[in-house]
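The next block holds one structure in the form of structure tokens; read it before the comments.
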Amino acid sequence: MGSTMFTSNPESQMCDNSFDFRSFRWIRTMIYAIKQINNNIYLLPNISVGYAIYDTCDNIAETIKQMFSLISGSEAEAKDIPNYQCQEKSTLSAVIGESASVISIAMARILGTYYYPQVSYFSSINVLSNKHEFPSFFRTIPSDTFQTTALAAIVEHFGWKWVGTLAEDNDYGNVGVQLFSEQVERLGVCIAFSETIPLVYSKTKYLQVVETIKQSSANVIIVFSGDTNLVPLVWEIAKQNITGRTWLASEGWSTSAFAIEKEHTNFFSGTLGLAIPTGRIPGLKNFLLQLNTHQEPVDSITKSFWEHIFKCSWPDHTKPQNNMTVCTGNEDLSSVTNTYTDVSQLRISYNVYNAVYAIAHALHSLLSCDNGPCTIGSNLQPYQLVKALKAVNLTDIDGIYHHFDKNGDSVAKYDIVNWQMGESGFLIYKKVGSYYGSTIMDHQLVIDEQMTLWNGDQSQPPLSECNKSCKPGFRKSILPGQPVCCFSCIPCPDGEISNGTDFAECIKCPPDYWSNRNRNACIPKEVDYLSLEEPLGITFTVAAGLGICQTLMVLAVFIKYRNTPIVRANNLEMSFLLLMSLTLSFIGAFTFIGEPSSYLCVLRQIVFGISFVLTISCILVKTLVVILAFTMSRPNQGVMKYFHPSHQRILVGFTTIIQIIICIGFLSSASSFTKKNRESVMTKIILECNRESELTFLVSFGYIGLLAVFCFVLAFMARNLPDSFNETKFITFSLLVFVMVWVSFIPAYVSTSGKYVTAVEIFAILSSAAGLLACIFFPKCYIILLKPEKNSKKNLTRQR
């Protein structure tokens with residue numbers, strides 16, 4: 001293998017021939033601040049501050065070389081040796097710079113080793129806040145951590161959920177996009193694409209980035225970059241006519257004067273960016289215009305500035321002259337309008353100004369013994385100035401307070417600027433808001449949306465989403481394999497709502513509420529019960545009324561013809577009591593109709609239980625009387641004397657009292673008598689009597705059933721007694737109808753729900769009562785009213 005012999009120093013890097021007027025203004029601002037300090041009798045009295053200006057050429061290697069020259073105190077390349085001081089006493093107090101974060105990192109690693117203070121005015125990358133790695137670094141610009149938080153707050157403010165990112169391919173861009181992505185992901189924002197901007201011109205890479213932008217549905221693009229590397233991409237975007245995008249600019253290019261040419265303004269108008277707050281520097285305008293090459297030493301940087309601003313060249317006898325105008329030094333700067341002479345929005349220049357004054361105040365505190373023992377200027381140690389800078393507190397001409405936090409960062413303040421079309425056709429940067437972040441978690445964002453214009457001179461902010469927002473009444477359903485911002489919208493199920501956009505889950509309505517038709521609001525459920533107004537309630541009301549009328553008509557017939565043989569032969573007292581109990585049964589049907597209440601729930605069970613027990617008891621007595629009357633072989637046999645009317649009343653009363661006890665026992669144990677049935681019909685609340693009340697009904701019904709079956713068996717056994725006196729035939733048939741009705745009632749009761757359970761109960765009551773009335777009394781009324789000739793004692797005893 002070959003070897004390389006390092007016998008000479010590498011050649012110096014040549015700086016780019018392009019010239020940035022804004023950077024030259026920063027240099028002149030620093031010189032202006034130093035001249036002010038030297039003329040100030042109160043700040044650093046009797047001490048003159050000097051300066052040396054180095055051009056890093058935006059190159060790390062050149063920066064490191066110049067840093068060692070600065071520290072060693074020699075301009076000779078051969079003597080740039082680390083850890084060696086090439087002059088007796090170093091006059092270096094602090095370094096101001098650099099603008100690019102990547103250059104500042106290289107500087108800070110060297111200066112931090114020797115603990116020389118460094119104050120940057122434009123390097124915002126967050127890693128420089130690490131005091132373990134960069135112990136002597138300070139800056140008058142906020143950290144990118146705050147910038148990413150501010151950009152995320154803007155995205156959240158406008159409700160953008162689908163954004164793209166572009167990052168300059170260095171630490172500033174890549175770290176900025178990484179921090180921004182972490183911030184917005186917590187807000188539910190998705191990154192549609194993330195591309196890098198090359199540091200070295202690459203046509204292929206620019207075409208790839210532009211194609212990604214064209215193919216993406218993201219209308220908002222966040223760009224972390226400096227202005228220099230962004231220019232080729234801007235040209236390619238304009239060339240391919242990409243419009244309708246909203247650009248969010250980091251502070252690295254948000255107020256760039258040369259990134260956007262006049263012919264490109266249509267593509268980037270409406271851009272929203274973060275900018276360093278503006279500040280006033282009184283007298284700076286005149287100082288900038290007073291630059292005179294005859295009165296001041298003309299260095300290479302000033303010469304280059306003069307040549308570029310006046311399109312001339314300085315005489316150089318060592319080189320052949322071109323056709324350009326020769327610079328004389330008498331050119332008038334006031335006749336030129338560009339970014340050098342424009343002091344209307346001093347941002348980075350204001351940071352440079354504050355950096356110079358921060359160092360001056362730190363030096364003043366050391367030399368005036370404000371922070372301990374007095375320090376003699378010639379014995380000033382770098383670490384002493386670092387300590388003094390940490391304690392610097394100064395207030396500018398506008399009363400704004402400036403200091404460094406524990407990380408050497410300034411307070412996070414940003415202007416929000418909007419790129420709008422000016423009258424001249426160039427873009428102007430209009431302040432439309434501000435951001436103040438004392439901490440990452442505590443910040444304040446203010447944006448005047450009425451002053452903000454978007455691309456295409458639109459007054460409404462654009463939408464940027466993978467899918468349209470889900471309207472109220474719908475929820476998001478994440479598509480498999482897609483980011484969370486790409487989803488489909490599905491309707492909320494019944495009983496659930498979403499009353500806003502982009503709900504991840506629908507909200508379940510409270511128990512007594514249900515979703516409306518659009519499923520965007522919960523409305524009270526309809527309270528339902530068997531009411532008098534609905535057709536079913538009207539039908540039952542009419543049927544019960546007819547039953548009562550028929551029973552009363554039969555009762556009237558029996559009262560009128562109470563002395564006729566057929567009425568007297570059928571146990572007149574029990575017949576009247578039976579008709580009264582049937583009337584009570586028909587009346588009891590009304591207690592099942594209407595809105596249930598505790599009173600009605602108790603009343604319906606008592607009326608039902610007592611009326612039907614009384615009915616069956618009367619039929620049982622009538623059956624026993626017939627059986628006993630026709631089974632005695634001799635008249636006046638002793639059995640009947642033990643079952644005379646008083647005994648019959650006792651039997652009826654006894655069976656009825658048992659039913660009363662059952663009702664009282666169960667109803668007294670019930671905590672409440674009404675309940676809301678929410679299960680039968682999901683969209684309604686069915687008002688009904690509670691389970692304890694229903695249990696009373698079932699037990700009462702069971703007791704009635706036992707009496708009815710017992711009575712039916714007796715009547716069936718006596719069905720063959722003589723016809724004329726035999727009422728058991730009709731009793732048998734009536735009880736058969738009664739039993740069939742209630743046997744059919746059981747499956748119907750179990751299989752129905754809600755108010756239809758009540759309807760089944762009413763139907764059973766009415767049909768069974770009507771069956772008893774018709775089977776027992778209608779045949780007798782037929783004879784009394786239509787066949788009066790058969791209503792005679794002779795006819796009744798004819799077959800005996």
Does GLY399 satisfy the condition of being among the small types (Gly, Ala, Ser), within 21 Å of GLY279 (Cβ to Cβ) and part of a loop (DSSP other than H, G, I, E, B)?
-> yes
Test for PHE267: is it under 30 Å from TRP247 (Cβ atoms) and at pLDDT 85 or above = yes
Restricting region 170-196 to residues that are of a type in the set (Phe, Trp, Tyr) and modelled with pLDDT of 90 or more, the residue that is farthest from GLN482 (Cα to Cα) | PHE180
Looking only at residues in region 321-345 that are in a loop (DSSP other than H, G, I, E, B) and in contact with a helix residue (DSSP H, G or I) (Cβ under 7 Å, 6 or more places away or on another chain), which one is farthest from TYR42 (Cα to Cα)?
-> CYS327
Tell me which of these GLU496 doesn't satisfy, since it passes every other one: (1) among the acidic types (Asp, Glu); (2) at pLDDT 90 or above; (3) open to solvent by 70 Å² or more (accessible area, probe 1.4 Å); (4) farther than 30 Å from ILE260 by Cβ.
-> (3)
Answer yes or no as to whether THR539 is touching a residue at least 24 places away in the same chain (Cβ under 8 Å) and not hydrophobic (A, V, I, L, M, F, W, C).
-> no
Filtering region 286-313 down to residues that are in contact with an Asp or Glu (Cβ under 9 Å, 6 or more places away or on another chain) and under 27 Å from ILE428 (Cα atoms), which residue is least open to solvent (accessible area, probe 1.4 Å)?
-> TRP306
Output yes when any residue across region 600-609 is modelled with pLDDT under 85 and on the phi > 0 side of the Ramachandran plot, and no when none is.
-> no
Which pairs do you get when a residue that is farther than 9 Å from VAL392 by Cα, found in region 355-368, comes within reach of a residue that is among the aromatic types (Phe, Trp, Tyr) and not in a helix (DSSP H, G or I), reach meaning Cβ atoms under 7 angstrom, with the pair 6+ apart or on two chains?
-> ALA355/TYR121
Scope region 36-63; condition open to solvent by 50 Å² or more (accessible area, probe 1.4 Å), of a type in the set (A, V, I, L, M) and touching a helix residue (DSSP H, G or I) at 6+ places or on another chain (Cβ under 8 Å); matching residues | ILE47, ALA52, ILE53, ILE60
Just one of ASP409, ASP415 is in a loop (DSSP other than H, G, I, E, B) and under 38 Å from the mean Cα position of the chain (by Cα); which is it?
-> ASP409
Identify all residues within region 423-435 that are of a type outside the set (A, V, I, L, M) and out of contact with any helix residue (DSSP H, G or I) (no Cβ under 9 Å at 6 or more places or on another chain); write none if there are none.
-> GLU423, TYR429, LYS430, LYS431, SER434
The number of residues in region 401-442 that are modelled with pLDDT under 85, open to solvent by less than 40 Å² (accessible area, probe 1.4 Å) and more than 22 Å from SER344 (Cβ to Cβ) is 1
Among (1) open to solvent by 100 Å² or more (accessible area, probe 1.4 Å); (2) at pLDDT below 85; (3) more than 14 Å from GLY97 (Cβ to Cβ); (4) not polar (S, T, N, Q), CYS15 falls short only on (1)
Any residue at all in region 386-394 that is under 36 Å from the mean Cα position of the chain (by Cα) and open to solvent by less than 50 Å² (accessible area, probe 1.4 Å)?
-> no
So, of the residues in region 337-376 that are of a type in the set (Gly, Ala, Ser), more than 26 Å from PHE426 (Cα to Cα) and buried (at least 16 other Cβ atoms within 10 Å of the Cβ), which turns out to be modelled with the lowest pLDDT?
-> SER365
Please name all residue pairs, on different chains or six or more residues apart, with Cβ atoms under 6 Å, provided the first residue is in region 418-430 and is on the phi > 0 side of the Ramachandran plot and the second residue is surrounded by fewer than 16 Cβ atoms within 10 Å (Cβ to Cβ).
-> GLY425/LYS262
Has region 145-154 got any residue that is open to solvent by less than 30 Å² (accessible area, probe 1.4 Å), aliphatic (A, V, I, L, M), more than 30 Å from LEU445 (Cβ to Cβ) and touching a Gly at 6+ places or on another chain (Cβ under 9 Å)?
-> no
Count of residues meeting criterion [surrounded by 16 or more Cβ atoms within 10 Å (Cβ to Cβ), of a type in the set (A, V, I, L, M, F, W, C) and without any contact (Cβ under 8 Å) to a residue 24 or more places away in the chain] in region 443-489 = 2
Filter result for the condition that a residue is in a helix (DSSP H, G or I), open to solvent by 70 Å² or more (accessible area, probe 1.4 Å) and either at pLDDT below 80 or closer than 20 Å to PHE777 by Cβ (or both), over PHE730, PHE701 | PHE730
Kindly indicate whether LEU532 is open to solvent by 80 Å² or more (accessible area, probe 1.4 Å), over 18 Å from the mean Cα position of the chain (by Cα) and in contact (Cβ under 8 Å) with a residue 12 or more places away in the chain.
-> yes
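The values are calculated or read from the model by the stated rules, or taken from the named source; none is laboratory data. The model shown is predicted, which means the values in this text are computed figures rather than measured ones. Please note: Cβ atoms are built from the backbone with ideal geometry, for glycine as well, and neighbour counts cover all protein chains shown. Note: accessible area is taken over every heavy atom of the protein model, side chains too, but ligands, DNA and RNA are not part of it. Shrake-Rupley method; radii C 1.70, N 1.55, O 1.52, S 1.80 Å.
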